[in-house]
Amino acid sequence: MIKVGVIGATGYAGAALVYLLTKHPNVKIVYLASHSYAGEIFSDIYPNMNGECDLVLDEVDMKDASEKCDVLFLALPAGISTALIDESVIKDTVVIDLGADFRLNDRDVYKTWYKKEAPSQKLLDEAVYSLADLDPNGMKHTNLISNPGCYTTCSILTLSPLVKSNLIETDSIIINAMSGTSGAGRSNKTANLFCEVNESVKAYGVTTHRHTPEIEMALNKMSDEDVMVQFTPHLIPMDRGILATCTAKLKEGVTKEMVHEAFNSLYKDSKFVHLLKEGHLPETRFVKQSNRIDVSYTVDERTNNVIGIGAIDNIIKGAAGQAVQNMNLRFGFDESMGLDDVTSNTL
């Protein structure tokens with residue numbers, strides 16, 4: 001039994017984490033923190049958790065949290081984790097950061113895209129970017145795990161077989177992705193009000209979205225060529241879910257059979273990456289409240305393009321579920337423990 005804490009426990013990802021952790025057989029939640037709701041009871045904020053988690057929410061105290069917890073989850077906006085995490089914290093506890101602060105290993109790239117001061121290089125060298133479905137052993141010897149973003153998880157897992165097997169022109173990748181409004185967080189923003197988003201679809205962050213360098217970084221690690229993506233996110237009027245349509249030019253001589261082999265070879269033993277049958281396409285409703293990604297691919301012989309499509313639940317697979325998956329692997333539990341039957345109803 002490990003002792004666990006969540007900082008940022010009342011946001012969408014944080015609340016989903018609390019729900020998942022209460023169902024985990026090897027976990028005891030001992031610390032919850034929320035700046036907005038400090039002093040209140042968690043189950044008063046989320047009444048569905050009455051009797052399941054009735055802890056009082058603390059104001060953030062990293063010394064207290066790191067001393068109490070074997071693993072500490074941070075579900076915070078970009079820039080906040082940098083101010084909270086130092087070497088003394090990760091000496092005492094394992095930190096799994098759901099935010100963006102430790103995802104990019106280049107400090108200058110982080111400053112360029114996030115317009116914030118980057119963490120120290122020493123902490124970035126300690127941090128492991130852990131998309132567990134691609135590298136289930138990568139985080140086992142670190143106390144600082146960086147959880148990938150939601151758009152990035154969907155896009156990287158959809159494109160990885162093509163990049164890893166050297167089947168596509170790596171400067172031809174176009175990603176058009178759509179997300180439910182929970183991806184923007186729980187804070188009060190006019191642009192996310194019901195009347196602003198209902199019956200409308202819009203693109204945003206065109207050429208400037210912060211997940212772009214993260215996608216490129218992850219794909220570059222498995223490619224012999226420089227990867228550059230054109231990533232355009234869209235907001236759609238639903239609560240949760242991401243659908244990413246990823247198009248790329250096939251290299252000369254690449255066949256449909258080679259694409260098929262690349263996907264099946266990479267994901268044949270994966271617990272959470274589900275390759276759909278030919279002719280079936282992913283839909284967000286079929287992955288809702290699960291830690292699964294559904295993936296399909298189609299080769300267009302007319303244009304010599306391959307189109308990969310992936311669908312995830314942004315709150316679970318794109319955040320809380322993946323964080324629990326990383327915890328499981330870091331502590332030697334079965335990868336799917338606490339994630340086989342996910343029915344988080346915090347949103």
(message) I need a count of the residues in the stretch 72-109 that are of a type in the set (A, V, I, L, M), surrounded by 24 or more Cβ atoms within 10 Å (Cβ to Cβ) and in contact with a Ser or Thr (Cβ under 6 Å, 6 or more places away or on another chain).
(response) 2
(request) State which residue is surrounded by the fewest Cβ atoms within 10 Å (Cβ to Cβ) when the search covers only the stretch 167-179 and only residues that are under 28 Å from V197 (Cα atoms) and touching a helix residue (DSSP H, G or I) at 6+ places or on another chain (Cβ under 9 Å). (result) M178
(request) Give the residue, chosen from F286, F333, that is within 26 Å of G8 (Cβ to Cβ), in contact (Cβ under 8 Å) with a residue 24 or more places away in the chain, surrounded by fewer than 22 Cβ atoms within 10 Å (Cβ to Cβ) and not β-branched (V, I, T). (result) F333
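Just to confirm my filter: which helices (runs of 4 or more DSSP H) fall fully inside the stretch 1-81 and include at least 3 residues that are over 30 Å from K116 (Cα atoms)?
On the way: elements: 12-22, 42-45, 62-68.
Where helices (runs of 4 or more DSSP H) fall fully within the stretch 1-81 and carry at least 3 residues being over 30 Å from K116 (Cα atoms), they are 12-22, 42-45.
Can you list the strands (runs of 3 or more DSSP E) found entirely within the stretch 249-347 that contain at least 3 residues being more than 29 Å from T142 (Cβ to Cβ) and outside the structural domain of A132 (by TED's automatic domain parsing)?
Those strands (runs of 3 or more DSSP E) span 293-300, 305-312.
For (1) under 13 Å from L131 (Cα atoms); (2) without any contact (Cβ under 8 Å) to a residue 40 or more places away in the chain; (3) in contact with a helix residue (DSSP H, G or I) (Cβ under 8 Å, 6 or more places away or on another chain), each residue gets a yes or a no:
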residue: S290; (1), (2), (3): no, no, yes
residue: D300; (1), (2), (3): no, yes, no
residue: N304; (1), (2), (3): no, no, no
residue: G308; (1), (2), (3): no, no, yes
residue: D313; (1), (2), (3): no, no, yes
residue: A319; (1), (2), (3): yes, no, yes
residue: V324; (1), (2), (3): yes, no, yes
(message) Can you report the number of residues in the stretch 86-98 which are at pLDDT 95 or above and in a loop (DSSP other than H, G, I, E, B)?
(response) 2
(message) If a residue counts only when it is within 24 Å of F263 (Cα to Cα) and in contact with a Cys (Cβ under 6 Å, 6 or more places away or on another chain), which strands (runs of 3 or more DSSP E) contained entirely in the stretch 132-244 have at least 1 such residues?
(response) 173-179
(message) Looking only at the stretch 128-166, filter to residues that are surrounded by fewer than 22 Cβ atoms within 10 Å (Cβ to Cβ) and outside the structural domain of I96 (by TED's automatic domain parsing); which one of those is farthest from L266 (Cα to Cα)?
(response) N166
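Do the conditions hold for T152, that is, is it over 19 Å from V4 (Cβ atoms), in contact with a helix residue (DSSP H, G or I) (Cβ under 6 Å, 6 or more places away or on another chain) and modelled with pLDDT of 95 or more? Break it down stepwise before answering.
Values: over 19 Å from V4 (Cβ atoms): yes; in contact with a helix residue (DSSP H, G or I) (Cβ under 6 Å, 6 or more places away or on another chain): yes; modelled with pLDDT of 95 or more: yes.
Answer is yes for this residue.
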(request) Of the conditions (1) in contact (Cβ under 8 Å) with a residue 12 or more places away in the chain; (2) touching a strand residue (DSSP E or B) at 6+ places or on another chain (Cβ under 9 Å); (3) not assigned by TED's automatic domain parsing to the domain that holds M258, A177 clears all except one; give me its number. (result) (3)
(request) Go through the stretch 127-141 and count every residue that is at pLDDT below 95 and farther than 21 Å from L159 by Cβ. (result) 4
(request) Answer yes if at least one residue in the stretch 211-232 is surrounded by 14 or more Cβ atoms within 10 Å (Cβ to Cβ), under 19 Å from L98 (Cβ atoms) and among the acidic types (D, E), and no otherwise. (result) yes
(request) Residues being within 13 Å of A320 (Cα to Cα) and in contact with a Cys (Cβ under 9 Å, 6 or more places away or on another chain): count how many of those fall in the stretch 15-39. (result) 4
(request) Search the stretch 204-227 for residues that are free of Cβ contacts under 8 Å to residues at least 40 places away in the same chain and pair each with any residue that is in a loop (DSSP other than H, G, I, E, B) and of a type in the set (D, E) when their beta-carbon atoms are under 8 Å apart and the residues are at least 6 apart or on different chains. (result) N220/D226
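So, in the stretch 102-131, of the ones that are acidic (D, E) and outside any loop (DSSP other than H, G, I, E, B), which residue ends up farthest from the chain's Cα centre (by Cα)? Please lay out each step first, then the result.
Residues of the stretch 102-131 acidic (D, E): 106, 108, 117, 125-126.
In the following step, the residues that additionally are outside any loop (DSSP other than H, G, I, E, B) were identified as 108, 125-126.
Values: D108: 22, D125: 20, E126: 19 Å.
So the residue we want is D108.
Yes or no: T112 surrounded by fewer than 18 Cβ atoms within 10 Å (Cβ to Cβ), touching a strand residue (DSSP E or B) at 6+ places or on another chain (Cβ under 8 Å) and not charged (D, E, K, R)? Steps first, answer last, please.
Working: surrounded by fewer than 18 Cβ atoms within 10 Å (Cβ to Cβ): yes; touching a strand residue (DSSP E or B) at 6+ places or on another chain (Cβ under 8 Å): no; not charged (D, E, K, R): yes.
Against the criterion (surrounded by fewer than 18 Cβ atoms within 10 Å (Cβ to Cβ), touching a strand residue (DSSP E or B) at 6+ places or on another chain (Cβ under 8 Å) and not charged (D, E, K, R)), T112 does not qualify.
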(request) Would you check which residues across the stretch 32-56 are buried (at least 23 other Cβ atoms within 10 Å of the Cβ) and either touching a residue at least 40 places away in the same chain (Cβ under 8 Å) or among the small types (G, A, S) (or both) and list them? (result) A33, S34
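The values are calculated or read from the model by the stated rules, or taken from the named source; none is laboratory data. Note that this is a predicted model, so its numbers are computed, not measured. Here the Cβ is made from the backbone with ideal geometry for all residues, glycine too, and neighbour counts use every protein chain on show.
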